[in-house]
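Enquirer: Could you have a look at this structure, given as structure tokens, before my questions?
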Amino acid sequence: MPSVPVHANIPPMGIFLKCLLIFFVITLEARPISYSGGSTLMFMSDNMQDSIYYHYSPSYKFSIGIEGVKDQIFNKDLSYLRLTYLLDRKNTKHSQRNLYFQSGVSSAGLDTHFFGIHGDWETRRVFVGFGFKEVFNDFHDFTEKFIQTGFAPYLGDYGDLHTWIMMKSKHNTLTGDWNTYPALKFFKGNFLAEVGYDSQADWDIHLMYRF
């Protein structure tokens, strides 16, 4: 089994600076399904892979999209047709919870696919989230999971810049290790940016723009 590289092909600091630049130039709720008729563009990068993902939501209940993945572990380029479905949502006066099913099938064939669930519960002040994903392919199957907690240091009004201070723990069966590290999440209008760093797992970056 190949070892997990600490650095991606693109210098992590270069990715980080690009993310900050995009954030300040463009200035959503972090939802994997948009409003009915809406679209979302995402970019994600960590020590495992780089990914660009576009999806369209015919309904608030589900989204369909295409994802391009650069696998940093096995040096593979993959593309997926993806489906995300809202299994459960509960809104109260002060909180919201969500549970999603996610899946994807690669252009390489039906044997290369993934499925999983992820969910969150949040108030205006507190956030808790988790995810579980099983990945199957012709070179090495593996499992990913994470848990994430955070709080908002201030309560912004609608249209303000919102900030979350997070702690995230990730695990995958390729390395067998849990990595726990801090992250910052910002969102304003249609744009969200989340940036975390761990000395073992490197940068963990997630950008999202909804239109």
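Enquirer: Quick one: which of Gly159, Gly119 is of a type outside the set (Asp, Glu) and modelled with pLDDT of 95 or more? If you could, list the steps in order and put the result at the bottom.
Expert: On the way: Gly159 fails: modelled with pLDDT of 95 or more.
Result of the check over Gly159, Gly119: Gly119.
Enquirer: Of the residues that sit in the stretch 175-192 and are at negative phi and not in a strand (DSSP E or B), which one is surrounded by the most Cβ atoms within 10 Å (Cβ to Cβ)? Please lay out each step first, then the result.
Expert: Filtering the stretch 175-192 for residues at negative phi gives 175, 177-188, 190-192.
Narrowing further to those that are not in a strand (DSSP E or B): 175, 177, 190.
Values: Thr175: 18, Asp177: 12, Asn190: 15.
So, considering only residues that are at negative phi and not in a strand (DSSP E or B), the one surrounded by the most Cβ atoms within 10 Å (Cβ to Cβ) is Thr175.
Enquirer: So which residues in the stretch 104-127 are closer than 13 Å to Ser79 by Cα, crowded, with 17+ Cβ neighbours inside 10 Å and of a type in the set (Gly, Ala, Ser), if there are any at all?
Expert: Gly104, Ser106
Enquirer: Just a yes or no: is a residue in the stretch 160-167 exposed (fewer than 15 other Cβ atoms within 10 Å of the Cβ) and within 29 Å of Tyr56 (Cβ to Cβ)?
Expert: Let us first name the residues in the stretch 160-167 that are exposed (fewer than 15 other Cβ atoms within 10 Å of the Cβ), namely 160-161, 165, 167.
Right, trim to within 29 Å of Tyr56 (Cβ to Cβ) and you get 160-161.
Yes, the stretch 160-167 contains a residue that is exposed (fewer than 15 other Cβ atoms within 10 Å of the Cβ) and within 29 Å of Tyr56 (Cβ to Cβ).
Enquirer: Hey, can you tell me all the residues within the stretch 65-110 that are of a type in the set (S, T, N, Q), touching a strand residue (DSSP E or B) at 6+ places or on another chain (Cβ under 6 Å) and over 20 Å from Tyr35 (Cβ atoms)?
Expert: Answer for the stretch 65-110, where residues must be of a type in the set (S, T, N, Q), touching a strand residue (DSSP E or B) at 6+ places or on another chain (Cβ under 6 Å) and over 20 Å from Tyr35 (Cβ atoms): Gln72, Ser79, Ser103, Ser106, Ser107.
Enquirer: Among all residue pairs at least 6 apart or on different chains, which show Cβ distances below 6 Å where the first residue, located in the stretch 56-84, is at pLDDT 95 or above and the second is among the basic types (Lys, Arg) and not in a loop (DSSP other than H, G, I, E, B)?
Expert: Cβ pairs passing all conditions: Gly65/Arg82; Glu67/Arg82.
Enquirer: Among the residues of the stretch 54-100, which ones are surrounded by fewer than 18 Cβ atoms within 10 Å (Cβ to Cβ) and touching a Ser or Thr at 6+ places or on another chain (Cβ under 6 Å)?
Expert: Matches in the stretch 54-100: Tyr56, Ser59, Tyr60, Gly68, Ser79, Leu83, His94, Ser95.
Enquirer: From (1) more than 19 Å from the chain's Cα centre (by Cα); (2) modelled with pLDDT of 95 or more, pick out the condition that doesn't hold for Val25.
Expert: Every condition holds for Val25 apart from (2).
Enquirer: Having 2 or more residues that are over 20 Å from the mean Cα position of the chain (by Cα) and not hydroxyl-bearing (Ser, Thr, Tyr) is the bar; report the strands (runs of 3 or more DSSP E) wholly within the stretch 66-163 that clear it. Working first, answer last.
Expert: Values: elements: 76-91, 96-106, 109-122, 126-136, 142-151.
The strands (runs of 3 or more DSSP E) meeting that bar are 76-91, 109-122.
Enquirer: Scanning the stretch 135-156 for residues that are touching a Phe, Trp or Tyr at 6+ places or on another chain (Cβ under 6 Å) and over 20 Å from His94 (Cβ atoms), which turns out surrounded by the fewest Cβ atoms within 10 Å (Cβ to Cβ)?
Expert: Taking the candidates together, the pick is Phe139.
Enquirer: Additional query: If you take the residues in the stretch 33-63 that are in contact with a Leu (Cβ under 7 Å, 6 or more places away or on another chain) and outside any loop (DSSP other than H, G, I, E, B), which one is nearest to Asp204 (Cα to Cα)?
Expert: Phe43
Enquirer: Give me the pairs, please: first residue somewhere in the stretch 125-152 and of a type in the set (Gly, Ala, Ser), second residue anywhere and not in a strand (DSSP E or B), beta-carbon distance under 6 Å, and either six or more positions apart or on two chains.
Expert: Going by the 6 Å Cβ cut-off, the qualifying pairs are Ala152/Arg125.
The values are calculated or read from the model by the stated rules, or taken from the named source; none is laboratory data. The shown structure was predicted, so the numbers you read here are calculated from the model rather than taken from an experiment. Positions of Cβ are backbone-derived with ideal geometry, glycine not excepted, and every protein chain shown enters the neighbour counts.
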